[in-house]
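Novice: Handing you this structure, nothing more for now.
The values are calculated or read from the model by the stated rules, or taken from the named source; none is laboratory data. Since we're looking at a predicted model, the values are computed, not measured. All Cβ positions, even for glycine, are placed from backbone atoms using ideal geometry, and neighbour counts span all protein chains on display. Side chains are part of the model used for accessible areas, which takes the heavy atoms of the whole protein and leaves out ligands, DNA and RNA. Shrake-Rupley method; radii C 1.70, N 1.55, O 1.52, S 1.80 Å.
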Amino acid sequence: MILRYTHFLALLCLLIPFHTNAQAGAFNLEDWPKTQASLKPMYVKAIMEQAGVHKVSFKLPVDFYVAELDKFAAFAAEKNYRPYLKTAVAQNLATLATIHCDWNNGVPPWEFAQKYLGDKQLELLQPFYADAITKLKNNCQ
């Protein structure tokens, strides 16, 4: 099980930023709203493909994640949640996938969410993702 979390962390470290304005660092969530709409699906698809290299699969489509990242970026900006805004888009996509029962890496979804997100993050995200987190707690049923 530790190996799977190591693979997850390796995934986050290996993701290459694709945004031309991200030359000095990661392509962060605060960069997402300024990204051309036509490029967003390409970024999401690349992130999902890189996750696949690390044996993570998704069932939800690219367009779902584009829309969720748009909403999440607005939510984080509105609430001034700097830690999310300063975090790479890839890691925020992983958070969204985890919450929506779509980070399929062989670890039970709720167990993975507790280890990856922790109680504080889940509590922080509860008001915005109440239904998704309830489903997650019920083993994605």
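Novice: Return only the number of the condition from (1) within 25 Å of T35 (Cβ to Cβ); (2) buried (at least 21 other Cβ atoms within 10 Å of the Cβ) that D63 does not satisfy.
Specialist: (2)
Novice: To continue, here is another question. Just need a number here: residues in the stretch 70-91 that are of a type outside the set (A, V, I, L, M, F, W, C) and within 12 Å of L125 (Cα to Cα).
Specialist: Our first condition is that a residue be of a type outside the set (A, V, I, L, M, F, W, C); within the stretch 70-91, this holds for 70-71, 78-84, 86-87, 91.
Next, only the ones that are within 12 Å of L125 (Cα to Cα) stay: 79, 81, 84.
Summing the residues that are of a type outside the set (A, V, I, L, M, F, W, C) and within 12 Å of L125 (Cα to Cα) in the stretch 70-91 gives 3.
Residues checked against (1) closer than 18 Å to A26 by Cβ; (2) of a type outside the set (A, V, I, L, M):
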| residue | (1), (2) |
| --- | --- |
| M48 | yes, no |
| G52 | no, yes |
| S57 | no, yes |
| Y84 | yes, yes |
| N92 | yes, yes |
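Novice: Here's a follow-up. Could you please find all residues in the stretch 30-43 being part of a loop (DSSP other than H, G, I, E, B) and surrounded by fewer than 17 Cβ atoms within 10 Å (Cβ to Cβ)?
Specialist: Filtering the stretch 30-43 for residues part of a loop (DSSP other than H, G, I, E, B) gives 35-39.
Selection gives Q36, A37, S38, L39.
Novice: Among the listed residues L93, L69, L60, identify the single one that is under 12 Å from the mean Cα position of the chain (by Cα) and closer than 17 Å to N104 by Cα.
Specialist: Working: L69 fails: closer than 17 Å to N104 by Cα; L60 fails: under 12 Å from the mean Cα position of the chain (by Cα).
Testing whether each residue is under 12 Å from the mean Cα position of the chain (by Cα) and closer than 17 Å to N104 by Cα leaves just L93.
Novice: Separate question: Kindly provide the set of residues from the stretch 44-87 that are part of a helix (DSSP H, G or I) and touching a His at 6+ places or on another chain (Cβ under 7 Å), ordered by number.
Specialist: none
Novice: Could you check the stretch 118-141 and list, in sequence order, the residues that are hydrophobic (A, V, I, L, M, F, W, C) and under 14 Å from Y84 (Cβ atoms)? Can you show your working first?
Specialist: Within the stretch 118-141, the subset hydrophobic (A, V, I, L, M, F, W, C) is 122, 124-125, 128, 130, 132-133, 136, 140.
Scanning the stretch 118-141 gives L122, L124, L125, F128.
Novice: Considering only the stretch 88-135, how many residues are open to solvent by less than 20 Å² (accessible area, probe 1.4 Å), closer than 17 Å to Y65 by Cα and either part of a loop (DSSP other than H, G, I, E, B) or in contact with a Pro (Cβ under 9 Å, 6 or more places away or on another chain) (or both)?
Specialist: Counting residues in the stretch 88-135 that are open to solvent by less than 20 Å² (accessible area, probe 1.4 Å), closer than 17 Å to Y65 by Cα and either part of a loop (DSSP other than H, G, I, E, B) or in contact with a Pro (Cβ under 9 Å, 6 or more places away or on another chain) (or both) gives 6.
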